[in-house]
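One structure is given below, encoded as structure tokens.
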Amino acid sequence: MSRAEFSRRGKSPRALALFAALLLAACGSAPKPSEPPLRKQALEAESDGARRYARGDYAGAARSFGAAGRLQQSLDDSLAAARNSLHQARAELAQGQAAAALERAQRIGDVEFALEALLLQAQANLALGRPAATQQALAAAATACTADCPQRASLNLLQARAALAERRAPEALGHAEAALKLLQGQDEAAETGNAWRLIAAARLAGGDAAGALPAADAALGIDRQLALPEKIARDWLLIGEIRRKVGAGDTAIAYRRALEVANAAGLAEIAGLAAQALKKINNPKETTR
Amino acid sequence: MSMLIAQDREAEALQRGTRRFLLFGLLAVLAVIAAILVRQGLFRQTATLGFVADSAQDISKGQAVRIAGFRVGSVAAVTLRADGKVEVNLEIDADHMRFVTRDAVVELRKEALIGAATLEIVPGADRSKLAADQARLSFSRGESLTAMAGQLREQIAPILQDVKTITGTLADAQQGLPATLRQVRETTGALHTLLDTGNRQVAGVGTAATRVLGKAEEDLVQVGRTLETANSRLPALLDRTQGIVDHVEKISADAETSVPPVLRDGGAVASDVREIVAGAKSAWPIRNLVEAPAPVRLKADSDPHAESVHVAR
């Protein structure tokens, strides 16, 4: 190829000009905005808390969320501080410190998180066995939650739990089924598992043991996917209870599975319940005496 | 015909371009060679210093030599002498010889914890007497991480032994805390019984004052006996407690001298590691790769412990 042909094709000058233009544009473009170091530190602490929460290290998660909240408060970002406070309360509730979680949730005054704080208060009151306070928090949450609020399903589930705790099985079943309908197609596996478990428990309490079994199986399937040992063990306990009511012969298998899972996960309370149930079905005369 | 003339002109132009390109390339190669020679210090005046070390560990030819952290030269040669010692020769920029005193010491240091080893010339106190070319300097090695770990272990081991001894003494069923608590509990029980008896006596004071007074006298005698018992047991108890307190004081005194340096070393190590990580994160281009995470949203879970099952049962 001759030089004339080379220049006629215009490869060299045009490519050079294009390269130079790109280089200038890259050098002249505005630098990527970065967060100030303290805010970045707070966000990293929050992210660390979320990671710990996801792998079940609730004490570590509460510590990280607390540190993130204090940092955000020192930066006068009340919204971020309230968000971290809410996360911290959830971590405390998950590690069984319901009173501390309730106190923290009650201190959250930010409007944006008011509904979530109320739901958390209801959850903590349920754990503390305070039905009146639970109903009060749920009523306030129901008022704050409009028809299409994203927390509607969680509200329904808590209402179902509250109704079940007071032996109002039909009402609990209604709320749980409504929650399940709202959760269809949503990426909320834990809540879907909770809905199935509540449906199973409500049907069992209402005398429909045969209808409760598939719901409990569905809850177990979801909890296995999420790898949550405590819920898996409790699902097996529920399945054992249902099979016992139905009169199925494989009741002991379900209790034994609950016992094995609880022992492997170090869940002494559930292991005790499963062992007691096994003893009860193996020696019915001894236990009825 | 005209086509042939046009082709000749194009070929001639191409040849001219090729010649220019080759000439430019030649000039560029010469410039690079010149730059390398300058960089290698061909035109630079240097001075030679030397020292003798016991071992050539972490010392190698070409290794950087620094003064106050600035690279001023390199190791020119490392040779093993007939007496088993190691002879090291350093090549230093002549300009920087004004910082090297006769009593300067060459120290082998590590860059941070895991960095490469470098030789640092530490000038002496007398800045008026400068070292000459071919001068011999003294040499020392900085403390390694292994040496620090060994020192830490040596300081912690006696403390752990003392703590073990105290724990054993406290847990001893015959002489330790359980026995002391048992004696205290017995004494408290006796006093409690006495108080109960006294209360019952006071309740019936209106109807049987004389009998109560007699009983109270008996109770007082019992109190006397109880107090005597307590009195006889207390000195031994106090002696043991004093012994334990003395032991704890001794350990605290030992710890006061041995723990702070250990903590200081540990703190320095942690601080170094933190600085390395923070420095790496804030250095270009890593800082552009490490972005601040977005605010998180935890997945909803209204029943984390599946308590509804417990209610249903």
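Shielding of A:149-158 by partners, i.e. mean partner chain Cβ atoms within 10 Å per residue?
2
With respect to the cross-link table entries B:61/B:129; B:164/B:250; A:40/B:299; A:245/A:279, which display a Cα-Cα separation exceeding 25 Å? Walk me through the numbers on the way to the answer.
Working: B:61/B:129 28 Å; B:164/B:250 14 Å; A:40/B:299 23 Å; A:245/A:279 16 Å.
B:61/B:129, as the Cα separations exceed 25 Å there.
Would you tell me the mean number of C-beta atoms belonging to other protein chains that fall within 10 Å of each C-beta in A:119-126, as a whole number?
2
To the nearest whole number, what is the average tally of beta carbon atoms from other chains within 10 Å of the beta carbons of peptide A:190-203?
Details: counts 6, 5, 0, 3, 7, 2, 0, 6, 7, 1, 3, 8, 3, 1.
Mean number of neighbouring Cβ atoms from other chains: 4.
Work out how much length residue B:182 to residue B:77 would gain on full extension: take 0.36 nm times their residue separation and subtract the Cα-Cα distance, in nm to one decimal.
Values: separation 105, 0.36 × 105 = 37.80 nm, distance 7.62 nm.
Taking residue B:182 through residue B:77 to full extension adds about 30.2 nm, to one decimal.
To test your reading of the geometry: what angle, between 0 and 90 degrees and rounded to tens, separates the Cα axis of helix A:229-246 from the longest principal axis of chain A?
The two axes meet at around 40 degrees.
Using alpha carbons only, how many degrees (0 to 90, rounded to 10) separate the axis of helix A:169-183 from the longest principal axis of chain A?
Taking Cα atoms only, the helix is inclined about 20 degrees.
For segment A:230-289, give the magnitude of the charge dipole about the Cα centre (Cβ charges: +1 Lys/Arg, -1 Asp/Glu; no others), in debye to the nearest 20. Can you show the working numbers first?
Working: 11 positive and 7 negative charges, 57 e Å.
About 280 debye.
Counting other beta carbons within 10 Å of each residue's own, what order do B:192, B:247 fall into, fewest first?
Details: B:192 10, B:247 14.
Going from sparsest to densest Cβ surroundings: B:192, B:247.
Restricting to DSSP H runs of at least four residues, report the calculated mean residue ellipticity at 222 nm for chain A, -39500 (n - 2.57) per run over all residues, nearest 500 deg cm²/dmol. Walk me through the numbers on the way to the answer.
Values: 16 runs with 233 residues, N = 289.
Rounded to the nearest 500, the figure is -26000 deg cm²/dmol.
Can you compute the charge dipole magnitude of the protein assembly as shown about its Cα centre, using +1 on each Lys and Arg Cβ and -1 on each Asp and Glu Cβ, nothing else charged? Give it in debye, rounded to the nearest 20.
So the magnitude is around 1600 debye.
Given a Förster radius of 35 Å and the C-beta distance between residue B:138 and residue B:160 as r, what FRET efficiency does 1/(1 + (r/R0)^6) yield to the nearest 0.05?
Computed FRET efficiency for residue B:138 and residue B:160: 0.35.
What residues qualify as long-range amide H neighbours of residue B:103, i.e. H under 5 Å apart, gap of 5 or more or another chain, H built at 1.01 Å from N?
So residue B:103 has HN proximity to B:124.
Under the √(5λ) rule applied to the eigenvalues of the Cα gyration tensor, what semi-axes describe the equivalent ellipsoid of segment B:12-79? Give them in Å, descending. Before the final figure, lay out each step's value.
On the way: eigenvalues 394, 29, 18 Å².
Value: 44, 12, 10 Å, ordered largest first.
Efficiency by 1/(1 + (r/R0)^6): what FRET value for residue A:14 and residue B:291, r their Cβ-Cβ distance, R0 = 41 Å, to the nearest 0.05?
It comes to 0.70.
For labels at residue B:199 and residue A:269 in the simple 7 Å Cα→Cβ model, what's the distance in nm?
3.6 nm
Over 20 Å intervals from 0, what percent of Cα-Cα pairs in the protein assembly as shown sits in each interval?
12, 22, 27, 24, 11, 2, 1, 0
Over all directions, what mean area does the Cα convex hull of segment A:230-289 project, stated in square nanometres?
On the way: hull surface 15.0 nm².
That works out to 3.7 nm², a quarter of the Cα hull's surface.
Nearest 0.05, what FRET efficiency do residue A:39 and residue B:152 give at R0 = 35 Å with Cβ-Cβ as r? List each step's numbers first, then the result.
On the way: r = 37 Å, r/R0 = 1.06.
According to the calculation, E is roughly 0.40.
Among A:58, A:255, which comes first, then next, by fewest other beta-carbon atoms within 10 Å?
Working: A:58 20, A:255 27.
So the ranking, lowest neighbour count to highest, is A:58, A:255.
Would you mind getting the Kirkwood hydrodynamic radius of segment A:99-243 from its Cα pairs, rounded to one decimal in Å?
Taking the inverse mean of 1/r over all distinct Cα pairs, segment A:99-243 comes out at 15.5 Å.
Need one word for segment A:33-169: rounded, prolate or oblate. Basis is the Cα gyration tensor (sqrt eigenvalues a ≥ b ≥ c); a/c below 1.5 gives rounded, then a/b vs b/c decides.
Here segment A:33-169 falls in the prolate category.
What does the highest-first list of A:141-153, A:105-117 look like by mean Cβ count within 10 Å?
Going from most to least packed, we get A:105-117, A:141-153.
Give me B:19, A:168 ranked fewest to most by other Cβ atoms within 10 Å of their Cβ, as a rough exposure proxy.
B:19, A:168
Quick note: the coordinates plus some simple rules give every number you see, no bench work behind them. Every value quoted in this text rests on a predicted model; they were computed, and no experiment measured them. Reconstructed Cβ throughout: ideal geometry from the backbone, glycine too, with neighbour counts over all protein chains shown.
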